[in-house]
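Encoded as structure tokens, the structure appears first; notes follow it.
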Amino acid sequence: MKTNAYFRTAKQELLDAIKDVKHPFRYFTMATIGINHSPRLRTVVLREVQDDLALTIYTDKRSKKVTHLKENNNVCLLFFNHNEMLQLKVDGKAFLEADEKIIQHGWKQVKVSSKKDYSTSRDPGTKIKDPEMIEYLENVNHFAIIHIIPSKIEYLQLKKDKHIRVLYAKEPTGWEGTFLVP
């Protein structure tokens, strides 16, 4: 039995998530390693999927995840489609986009109503007394783009009779899949 069909399914699910805001893979969990070497999890939004499966998210450049990535850029991502009972775990390396033209293009893609998420006067995670006290900057933003380059993708399809689990590793020749015991 070949692993190619499962890989195509995984890729299609990721591609569908950037087109359909209600797709279960649109919002996923990203783990970084904190400064004190403990795992840190958060939900992020999938913004782009490249043909080579490089993934893109947006963030505030003052966020803890950016601090973590500067210290250690290893990440783990977890996607789960409860309708299909399909889980993808992605291991990879994250990089901050440095090209200002690409960052500005990304900023233009952000909905006007969401731009405030990147323009608070205080850093994300700063203690406040009241959510109504959040101040927003005008004509200033802290928008950043993070690209994740996957090195491994673990596919797990939960089924009543037999679960299917495949580990894909990125090799110089492409993605190589190996079946695993679920």
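Is there a residue in region 60-72 that is among the hydrophobic types (A, V, I, L, M, F, W, C), crowded, with 18+ Cβ neighbours inside 10 Å and under 11 Å from the mean Cα position of the chain (by Cα)? No; the residues of region 60-72 include none that is among the hydrophobic types (A, V, I, L, M, F, W, C), crowded, with 18+ Cβ neighbours inside 10 Å and under 11 Å from the mean Cα position of the chain (by Cα). The set of residues in region 11-40 being touching a strand residue (DSSP E or B) at 6+ places or on another chain (Cβ under 7 Å), surrounded by 11 or more Cβ atoms within 10 Å (Cβ to Cβ), outside any loop (DSSP other than H, G, I, E, B) and not hydroxyl-bearing (Ser, Thr, Tyr) consists of Glu13, Leu14, Leu15, Ile18, Phe28, Met30, Ala31, Ile33, Arg40.
Screening the candidates Ala98, Ala54 for the property of being surrounded by 14 or more Cβ atoms within 10 Å (Cβ to Cβ) and among the small types (Gly, Ala, Ser) yields one hit, Ala54.
Applying a threshold of 9 Å to beta carbon distances and a minimum spacing of six or more residues, or different chains, the list of pairs starting in region 12-25 at a residue that is farther than 14 Å from Thr56 by Cα and ending at one that is of a type in the set (Asp, Glu) and surrounded by fewer than 19 Cβ atoms within 10 Å (Cβ to Cβ) reads Glu13/Glu84; His23/Asp16; Pro24/Glu84.
Candidates are the residues of region 41-68 that are assigned to a strand (DSSP E or B) and of a type in the set (Ser, Thr, Tyr); the one that is farthest from Glu13 (Cα to Cα) is Thr59. Among the residues of region 69-98, those that are closer than 13 Å to Ile146 by Cβ, not small (Gly, Ala, Ser) and not in a strand (DSSP E or B) comprise Leu69, Lys70, Asn73, Glu97.
When residues in region 97-156 are screened for being of a type in the set (Val, Ile, Thr), in contact (Cβ under 8 Å) with a residue 24 or more places away in the chain and under 18 Å from Thr59 (Cβ atoms), 8 of them pass. I'd like to know if region 111-131 contains one or more residues that are crowded, with 16+ Cβ neighbours inside 10 Å and assigned to a strand (DSSP E or B). Checked region 111-131: at least one residue is crowded, with 16+ Cβ neighbours inside 10 Å and assigned to a strand (DSSP E or B). Residues being of a type in the set (S, T, N, Q), in contact with a strand residue (DSSP E or B) (Cβ under 8 Å, 6 or more places away or on another chain) and either at pLDDT below 95 or more than 22 Å from Phe143 (Cα to Cα) (or both) are entirely absent from region 50-73.
Let's see how each residue does on (1) of a type in the set (Asp, Glu); (2) at positive phi; (3) exposed (fewer than 15 other Cβ atoms within 10 Å of the Cβ):
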{"residue": "Asn81", "(1), (2), (3)": "no, no, no"}
{"residue": "Val90", "(1), (2), (3)": "no, no, no"}
{"residue": "Asn139", "(1), (2), (3)": "no, yes, yes"}
{"residue": "Tyr155", "(1), (2), (3)": "no, no, no"}
{"residue": "Thr173", "(1), (2), (3)": "no, no, yes"}
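Restricting Ile153, Ile149 to those that are of a type in the set (A, V, I, L, M), out of contact with any Leu (no Cβ under 8 Å at 6 or more places or on another chain), within 25 Å of Ala31 (Cα to Cα) and not in a loop (DSSP other than H, G, I, E, B) reduces the list to Ile149.
Quick check, is Arg62 in contact (Cβ under 8 Å) with a residue 12 or more places away in the chain and touching a helix residue (DSSP H, G or I) at 6+ places or on another chain (Cβ under 8 Å)? When the stated conditions are applied, Arg62 does not pass them.
The values are calculated or read from the model by the stated rules, or taken from the named source; none is laboratory data. Not measured: the values here are computed from a predicted model. So basically every Cβ, Gly included, is an ideal-geometry build from the backbone, and we count neighbours across all protein chains shown.
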